[in-house]
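K.L.:
Pasting a structure below so you can have a look.
The values are calculated or read from the model by the stated rules, or taken from the named source; none is laboratory data. On a predicted model such as this, the values are computed, not experimentally measured, just so you know. Positions of Cβ are backbone-derived with ideal geometry, glycine not excepted, and every protein chain shown enters the neighbour counts.
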Amino acid sequence: MAVIHDVMPSFGLYQPASVADALNLLDRHGRDAWILAGGLDSFDWLKDRIKRPKAVVDLSGISELQGIRESGDGLEIGAMTTLTEVVRHPAVRERYSLLLEAAEHAASPQIRNQGTIGGNVSQDTRCWYYRTGWFCYRAGGNICYADTPTAMNREHAILGADRCVAVNPSDTAPALIALDASMVVRSKSGERVVPAEEYFIGPGTDITRMTILQPGDLLTAIRIPGTWGGARFYFEKVRDRNVWDFALVSVASAMSGNGETIERVRIAVNGVAARPLRLRAVEDAVRGKARSEETAKLAGDLAIQGALPLQHNAYKVPLMRNLVKRAIRGAEGA
Amino acid sequence: MDILTWGHSPWGERILAHISWNLFWASLFAGIVFFVAHASYMVLSAHRKRSAAETDALEIEHRDLPPQIVRHSLAARLFHWVMAGAMFVLLFTAFLPVAGIKFPWVTWHWMAGLVMAGSILFHIIHASVWLDFWSIWVGPKDIPEFRAEILRELGHDVPGPKPGKYPLGNRLYHMAIVLAGLAVVISGITMMVRVRTPFFTRNPYLLRDTTWGLVYVTHGLAGVALVGLVIAHVYFAVRPEKWWITKSMLLGWITRRQYLEHHDPHRWAVESIAAKAEAQRSGQ
């Protein structure tokens with residue numbers, strides 16, 4: 001459990017030059033393998049000596065995982081594309097400013113230069129009990145130290161908790177869900193494409209993972225369809241410090257309509273549960289309604305249905321409600 | 001093969017966490033091996049019921065018995081099937097995720113656990129007050145029957161004792177299921193203190209870390225034991241020569257001939273038609 005920020009424990013470093021080679025390595029090492037993308041989450045784990053993989057598979061040399069390509073009427077973003085590349089890409093800026101905003105809100109410029117979009121959506125939770133090596137549910141134990149009568153749980157979940165109350169820290173995840181993106185996952189047994197919404201899983205499904213990725217799986221690309229290109233977007237991330245920090249709550253929405261009437265809408269929040277949540281009930285409730293204060297209030301109230309705050313995070317309930325209101329009505333409406 | 005998994009408390013103590021899931025696969029394997037081995041053996045095994053001639057003679061002797069003999073009351077059958085349903089939900093919700101089929105299982109699991117706990121409580125009261133409580137238990141008095149059963153299984157024609165209401169295998173199985181069932185229910189209800197339910201205020205610190213480890217290991221061991229026990233139970237329930245017992249758990253009764261074929265009328269006495277009528281006349 002000690003936190004020792006010094007040299008990492010020894011491991012075999014593998015630097016494949018192709019996805020096929022990477023998949024062979026992941027298949028060969030199974031649970032002992034660790035996928036290294038930008039390294040920003042990984043090096044914390046390794047230097048703290050909490051995770052001790054035997055083999056680290058560094059994806060930085062695989063060119064086919066990098067870059068943004070036009071694909072049909074949408075985009076395909078390689079998993080190793082840096083957040084800075086996402087932010088600067090003309091097509092993203094022109095048609096998918098929601099993703100631009102989300103990626104731009106992640107961490108600092110230096111971190112965005114190194115951090116990848118694949119790593120951003122696949123990073124582990126920031127729950128400090130878990131990250132400092134406490135033997136909790138997520139680490140294979142049988143207790144959640146963040147959900148005890150004396151726990152410090154200001155940043156933890158208000159929705160969807162199932163034994164573990166950790167939250168997903170990704171900034172781009174809710175934006176990708178709102179854009180109806182798909183995740184391309186490959187393994188030795190083939191390729192599968194899953195909606196972004198289903199890429200993330202909660203503790204009820206698997207308490208030790210935050211995504212569907214199993215040993216041997218590799219996220220290779222993210223596909224964004226043209227469906228929501230140029231729609232009306234809203235992204236807001238509330239954090240403790242306005243320099244760089246993880247979200248306390250974030251919201252992302254994509255909307256289109258006729259005048260002020262909402263015809264199509266997708267809305268997702270993050271920082272409130274172990275997985276980014278798509279708010280289907282809110283979408284259904286506001287579809288066909290005017291973008292008014294009344295609709296926004298309805299959306300906000302619906303969004304927090306079932307919220308169950310812990311000792312120190314009750315503030316997240318009104319925060320989430322107001323962010324959802326703003327996502328519907330605009331920042332001026334809340 | 002690891003049997004237990006260990007972790008460490010925040011104070012660095014080595015603590016039990018839970019059982020290794022290898023044990024689940026071991027129990028599943030053992031259950032399947034048992035039924036394959038037993039099914040193979042039964043192809044060659046001797047009949048264990050009375051001969052037709054002997055049963056014919058008994059039928060003449062006991063012709064005043066009713067044609068249908070009640071083996072399981074409605075309450076007993078309801079308990080059995082409610083418990084069976086809860087058991088399957090419990091096993092599937094516990095072990096399908098281990099087998100790789102992931103879904104949110106915890107709420108279904110504890111709800112089924114409460115149904116099972118409630119049904120067991122009902123069964124204890126029902127069996128203590130309304131049934132012949134001791135008819136299902138085994139003890140030293142059953143050693144001659146055990147010996148006779150073993151010899152019959154080995155193909156010997158043994159005149160030794162026949163079972164009372166429940167065959168010896170039935171009673172031994174009941175003993176095993178009582179031990180595993182009570183262990184899994186008591187540990188499971190204790191574990192509910194650690195998850196969110198409408199019944200308890202969560203308190204993960206109710207017990208010491210080491211004690212919690214023992215509770216989780218007990219639950220796991222009893223759970224994997226139940227995998228093997230349930231496989232064995234279902235196997236025997238569908239075996240052709242046991243179908244009359246399964247049918248009685250559905251309908252509640254067996255025929256007079258089945259009663260005489262498989263049971264010892266002295267150890268499981270059934271009221272004759274005349275005695276029943278007399279009892280009704282005298283208002284008993």
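K.L.:
Would you mind stating whether A:Asp124 is among the acidic types (Asp, Glu) and either touching a helix residue (DSSP H, G or I) at 6+ places or on another chain (Cβ under 7 Å) or not assigned by TED's automatic domain parsing to the domain that holds A:Arg278 (or both)? Show your work before the answer.
P.N.:
Values: among the acidic types (Asp, Glu): yes; either touching a helix residue (DSSP H, G or I) at 6+ places or on another chain (Cβ under 7 Å) or not assigned by TED's automatic domain parsing to the domain that holds A:Arg278 (or both): no.
No: the conditions fail for A:Asp124.
K.L.:
Out of segment A:212-234, which residues are within 12 Å of another protein chain (Cβ to nearest Cβ) and within 15 Å of the chain's Cα centre (by Cα)? Give the steps one after another, and end with the answer.
P.N.:
We begin by selecting, within segment A:212-234, every residue within 12 Å of another protein chain (Cβ to nearest Cβ); these are A:212, A:214-215.
Across segment A:212-234, the qualifying residue is only A:Ile212.
K.L.:
For the subset of segment A:101-122 comprising residues that are within 17 Å of A:Val238 (Cα to Cα) and under 11 Å from the mean Cα position of the chain (by Cα), which member is surrounded by the most Cβ atoms within 10 Å (Cβ to Cβ)?
P.N.:
Going through the qualifying residues, I end up with A:Ala102.
K.L.:
Another question, if that's okay. Can you tell me which of (1) surrounded by 15 or more Cβ atoms within 10 Å (Cβ to Cβ); (2) within 14 Å of chain A (Cβ to nearest Cβ) is the one B:Gly228 doesn't meet?
P.N.:
(2)
K.L.:
Across segment B:95-120, which residue is surrounded by the fewest Cβ atoms within 10 Å (Cβ to Cβ) among those that are farther than 16 Å from B:Thr190 by Cβ and more than 14 Å from every other protein chain (Cβ to nearest Cβ)?
P.N.:
Kept after step one, since they are farther than 16 Å from B:Thr190 by Cβ, are these residues of segment B:95-120: B:95-105, B:107-108, B:111-112, B:115, B:118-119.
Still in the list and also more than 14 Å from every other protein chain (Cβ to nearest Cβ): B:95, B:112, B:115, B:118-119.
Details: B:Phe95: 20, B:Ala112: 21, B:Val115: 17, B:Gly118: 14, B:Ser119: 21.
Ranking the qualifying residues of segment B:95-120, first place goes to B:Gly118.
K.L.:
Inspect all residues belonging to segment A:123-142 and state whether any of them is of a type in the set (Val, Ile, Thr), within 7 Å of chain B (Cβ to nearest Cβ) and more than 18 Å from A:Lys316 (Cβ to Cβ).
P.N.:
no
K.L.:
Here's something else I'd like to know. For segment A:17-61, give me the residue count where each residue is touching an Asp or Glu at 6+ places or on another chain (Cβ under 8 Å), part of a loop (DSSP other than H, G, I, E, B) and not small (Gly, Ala, Ser).
P.N.:
Of the residues in that region, 3 qualify.
K.L.:
Among what's in segment B:187-218 and is more than 10 Å from chain A (Cβ to nearest Cβ), touching a residue at least 60 places away in the same chain (Cβ under 8 Å) and of a type outside the set (A, V, I, L, M, F, W, C), pick the residue that is surrounded by the fewest Cβ atoms within 10 Å (Cβ to Cβ).
P.N.:
Across segment B:187-218, the extreme among qualifying residues is B:Thr210.
K.L.:
Okay, next question. Mind checking which residues of segment A:128-142 are in contact with a helix residue (DSSP H, G or I) (Cβ under 7 Å, 6 or more places away or on another chain) and hydrophobic (A, V, I, L, M, F, W, C)?
P.N.:
Answer for segment A:128-142, where residues must be in contact with a helix residue (DSSP H, G or I) (Cβ under 7 Å, 6 or more places away or on another chain) and hydrophobic (A, V, I, L, M, F, W, C): A:Cys136, A:Ala139.
K.L.:
Please go through segment A:69-100 and pick out each residue that is in a strand (DSSP E or B) and within 19 Å of the chain's Cα centre (by Cα).
P.N.:
As a first pass, look at segment A:69-100 and keep what is in a strand (DSSP E or B): A:69-71, A:74-78, A:82.
Within segment A:69-100, A:Leu75, A:Glu76, A:Ile77, A:Gly78, A:Thr82 meet the criteria.
K.L.:
Which one of the conditions (1) touching a residue at least 60 places away in the same chain (Cβ under 8 Å); (2) buried (at least 18 other Cβ atoms within 10 Å of the Cβ); (3) within 30 Å of B:Asp142 (Cα to Cα); (4) not small (Gly, Ala, Ser) does B:Tyr173 fail to meet, given that it meets all the rest?
P.N.:
Failing condition for B:Tyr173: (2).
K.L.:
Tell me, which helices (runs of 4 or more DSSP H) wholly within segment B:178-284 include 3 or more residues that are at pLDDT 90 or above and touching a helix residue (DSSP H, G or I) at 6+ places or on another chain (Cβ under 9 Å)?
P.N.:
Numbers: elements: B:209-238, B:243-251, B:256-262, B:273-281.
Helices (runs of 4 or more DSSP H) meeting the threshold: B:209-238, B:243-251.
K.L.:
Follow-up. Sort through A:Val269, A:Val282, A:Val265 and tell me the only one that's under 25 Å from A:Tyr199 (Cβ atoms) and either in a helix (DSSP H, G or I) or not assigned by TED's automatic domain parsing to the domain that holds A:Ala166 (or both). Outline the logic, then answer.
P.N.:
On the way: A:Val269 fails: either in a helix (DSSP H, G or I) or not assigned by TED's automatic domain parsing to the domain that holds A:Ala166 (or both); A:Val265 fails: either in a helix (DSSP H, G or I) or not assigned by TED's automatic domain parsing to the domain that holds A:Ala166 (or both).
One residue alone meets the criteria, A:Val282.
K.L.:
Just checking, which of A:Gly230, A:Gly306, A:Gly288 is in contact with a strand residue (DSSP E or B) (Cβ under 8 Å, 6 or more places away or on another chain), in a loop (DSSP other than H, G, I, E, B) and surrounded by fewer than 21 Cβ atoms within 10 Å (Cβ to Cβ)?
P.N.:
A:Gly288
K.L.:
While we're on this one: Got a number for residues in segment A:145-188 being in a loop (DSSP other than H, G, I, E, B), out of contact with any His (no Cβ under 9 Å at 6 or more places or on another chain) and within 13 Å of chain B (Cβ to nearest Cβ)?
P.N.:
Result for segment A:145-188: 10.
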